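Asks: Shown below is the structure under consideration.
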């Protein structure tokens with residue numbers, strides 16, 4: 001009678017330990033890795049607005065007369 005109880009208790013301990021080990025392994029396997037923040041691309045817009053006007057020849061579709 002006591003042998004049967006000890007076998008059942010040992011089996012319960014082994015099953016519980018195996019179950020917890022599998023659960024811990026699965027939880028660690030499916031966790032997301034933290035994302036690394038994306039590097040910001042700096043543009044001229046980050047410098048306080050539009051650029052100062054430049055003296056550039058203006059192209060027009062009209063031919064000078």
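The values are calculated or read from the model by the stated rules, or taken from the named source; none is laboratory data. As the structure is a computational prediction, the values presented were derived from the model and not from experiment.
Asks: Checking residue 58 against (1) at pLDDT below 70; (2) under 42 Å from the mean Cα position of the chain (by Cα), which single condition isn't satisfied?
Replies: (2)
Asks: Test of understanding: among 23, 38, which residue is modelled with pLDDT of 65 or more and in a loop (DSSP other than H, G, I, E, B)?
Replies: Working: 23 fails: in a loop (DSSP other than H, G, I, E, B).
38 is the lone residue from the list that is modelled with pLDDT of 65 or more and in a loop (DSSP other than H, G, I, E, B).
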